[in-house]
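The values are calculated or read from the model by the stated rules, or taken from the named source; none is laboratory data. In this text the structure is predicted, and so the values were computed from the model without any measurement. Neighbour counts run over all protein chains shown; Cβ positions are idealised from the backbone, glycine included.
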Number of protein chains: 2
Amino acid sequence: MTEQTTGSRPTLEAVAARAGVSRATASRVVNGGAGVRAPLVDKVRKAVEELGYVPNHAARTLVTRRNGAVAVIIAEPEFRIFSDPFFEQQVRGISRELTAHDSQLVLLWVEGPGDHDRIARYLGGGHVDGALAFSLHNDDRLPALIGRTKIPTVFGGRPAAGSDLAVPYVDADNRGGAREAVRHLVSLGRRNIAHIAGPRDQTSALDRIDGYHDVLVDADPGLFCQGDFTEESGARAMAELLDRRPDVDGVFVSNDLMASGALRTLRERGVRVPEDVALVGFDDMASVVGTTEPAMTTVRQDVEGMGRLMVRLLMRLLNEAGGEAPASVITPTTLVRRASA
Amino acid sequence: MTEQTTGSRPTLEAVAARAGVSRATASRVVNGGAGVRAPLVDKVRKAVEELGYVPNHAARTLVTRRNGAVAVIIAEPEFRIFSDPFFEQQVRGISRELTAHDSQLVLLWVEGPGDHDRIARYLGGGHVDGALAFSLHNDDRLPALIGRTKIPTVFGGRPAAGSDLAVPYVDADNRGGAREAVRHLVSLGRRNIAHIAGPRDQTSALDRIDGYHDVLVDADPGLFCQGDFTEESGARAMAELLDRRPDVDGVFVSNDLMASGALRTLRERGVRVPEDVALVGFDDMASVVGTTEPAMTTVRQDVEGMGRLMVRLLMRLLNEAGGEAPASVITPTTLVRRASA
DNA sequence: CGACCGTCTGAGAGCGCTCCCAGCTCGGGC
DNA sequence: GCCCGAGCTGGGAGCGCTCTCAGACGGTCG
């Protein structure tokens, strides 16, 4: 009757006109319909249906100052790790939870320090309500950058101690998981339990080392070996360990990839697992854990759940704008017993 | 002088006031400064600088109807393939080119048919200017879905013939690359050239088969073997081939992963490469190609470039709203000669 | 039967920006 | 010296939506 507006998308105005109510009432209905009497609600809904009305996002954002979008910041070195199913799972969790919150995932890919300006501008530009980032390396300057933009942010993984900004994060209980793994080896009667550690610049590796030492307070430094989370480094470390301490009878490896390397070395040297050496990994990475011989005992972390939690934490941050930053979350780990220990 | 607006972000109004010009002029400067005299441009720029002004995206979108965002639609089965560096590279190319166009990448993760409604609503909701999608499987109903939303879209990979919607796409010259590979084997004097093909529901695999037949019109069907793009299937196919046709002296494999499997079989059987059997792969996938023994001759496609091209095509689509859909692009491939053929 | 109150509804004022158009300035041509 | 046009600039009207606030409506209570 009023406007025909062919081609262009219908506006709230049109819906209101068709339903015979005011724009305000139509708006109320579209946003849940609280405080509007049933007959009117129905009329408006019908109009929405008939017109195929979809709210204009920009207009809504303009007044509410909410975007319904969250940035996921991925730094170049991390993206490589997309091959790491770990990361993929976490992003999947994030994506799912974001969908549940009617929010979109805007991927911000940082190629290097040269990109920091662009990212800062974007983050500061109010395009997104909040950000999700991952802290992988101690030397990463991203956390500081993000801190400066003041945008609500949640980290995946505990940021290095150095960055003193109090950002909430979600992390697995690396230390507790490590403790459980080592205790399990102890309970198996193992006396000389070694640790093949991950890189020193990642808090997850550090925490797992701490967990190891929590249980084995006086562990012989000779039983400690440094790796870098790659399969190859695990194999090498195991060889080193075997040479140095032939009496090693248990080993807790900081991740499954290294553990699989260690297993390879063990096999090549004719060491029986778990009879001679019991081995526990970390991550419960499906692609590794299923294929090793013997099947690997490892510590599982709910990676997808961590991704979801990151989103929930962020949403809470956004809703309690005034309040304090919510506490970080440490998700529990579970020991998955298989054949290797 | 006028408004102090502490805390809140400065508006164009504030910039204009500080520069002593009108909002309109300030807007012109912010958007390039065409048609504004130099001294005013400087004044406005200075004001922008001092105030730390960042344009409000929502307000701009509201009037221009441009979002500066593009959806990248990733269907679940594909995401698994993130471990496939192929996909990662393509997304990297997309991300880079999008950045160059000042556009954002909104990741739309489709979990299954149940998600189609949500995706359609989002795409139809004017949140993004266009979409980028990948066509991997013939049976995928995503292309049809996207076609219905009317949103400008570019596909990565040629959609299956079945979907008759004329969407522009970017694809490598699979057929031409295959021809080149086979011709190379022919030029090496090989007489019995086999083909290990990829899955029938992917156009890339189909096109490579066609390329093989282009050169070897009367190829013995016994020299054809079906694989599914996995390493394992390549190994199996090669074994089959060797049993069936011991006189095979050349093989063109539809991707590097299968080729690496084939190479393994060849080695296990004591067949010398390239002396007894010359082998050519496809993709030039760094993680495979570098590690095989002998180093693999293969067909390279510029995957990152394809990602970038997808974005450029989309941008052209957006700018020539009225015009015809731009033609699809087939990017050239190059034969990379190494040791295996 | 009138005063009062709670519940709904609608008018209207923006949110911050772009862009059309009117108007002003200034230089050049006659 | 005057007129005209080119080149700039600013006023103002929205873009589509939310949200405040006041008014309308219909009961209820005294």
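Residues in segment B:192-219 that are at pLDDT 95 or above, surrounded by fewer than 21 Cβ atoms within 10 Å (Cβ to Cβ) and among the charged types (D, E, K, R): B:D210, B:D214. Of the residues making up segment B:259-279, not a single one is under 17 Å from B:N192 (Cβ atoms) and touching a Cys at 6+ places or on another chain (Cβ under 7 Å).
If you check B:A58 against the conditions, is it within 13 Å of another protein chain (Cβ to nearest Cβ), within 10 Å of DNA strand D (Cβ to nearest atom) and within 26 Å of B:A131 (Cβ to Cβ)?
The answer is yes for B:A58.
Selection over segment A:251-262 of residues that are closer than 9 Å to A:M238 by Cβ and either out of contact with any helix residue (DSSP H, G or I) (no Cβ under 8 Å at 6 or more places or on another chain) or not in a helix (DSSP H, G or I) (or both) gives a count of 2.
Looking only at segment A:25-54, count every residue that is assigned to a helix (DSSP H, G or I), near DNA strand C (Cβ under 9 Å from one of its atoms) and out of contact with any helix residue (DSSP H, G or I) (no Cβ under 9 Å at 6 or more places or on another chain) and tell me the total. Residues in segment A:25-54 being assigned to a helix (DSSP H, G or I), near DNA strand C (Cβ under 9 Å from one of its atoms) and out of contact with any helix residue (DSSP H, G or I) (no Cβ under 9 Å at 6 or more places or on another chain): 2 in total.
Regarding segment A:265-285, can at least one residue be identified that is closer than 27 Å to A:D247 by Cβ, touching a residue at least 12 places away in the same chain (Cβ under 8 Å), part of a helix (DSSP H, G or I) and touching a helix residue (DSSP H, G or I) at 6+ places or on another chain (Cβ under 9 Å)?
Among the residues of segment A:265-285, at least one is closer than 27 Å to A:D247 by Cβ, touching a residue at least 12 places away in the same chain (Cβ under 8 Å), part of a helix (DSSP H, G or I) and touching a helix residue (DSSP H, G or I) at 6+ places or on another chain (Cβ under 9 Å), which makes the answer yes.
All conditions in (1) within 25 Å of the chain's Cα centre (by Cα); (2) crowded, with 21+ Cβ neighbours inside 10 Å; (3) farther than 17 Å from A:G177 by Cα; (4) not polar (S, T, N, Q) hold for A:A286, with the sole exception of (2).
Return yes when A:V63 is modelled with pLDDT of 90 or more, within 14 Å of another protein chain (Cβ to nearest Cβ) and not in a helix (DSSP H, G or I) and no when it is not. Here the answer is no, as A:V63 does not meet what is asked.
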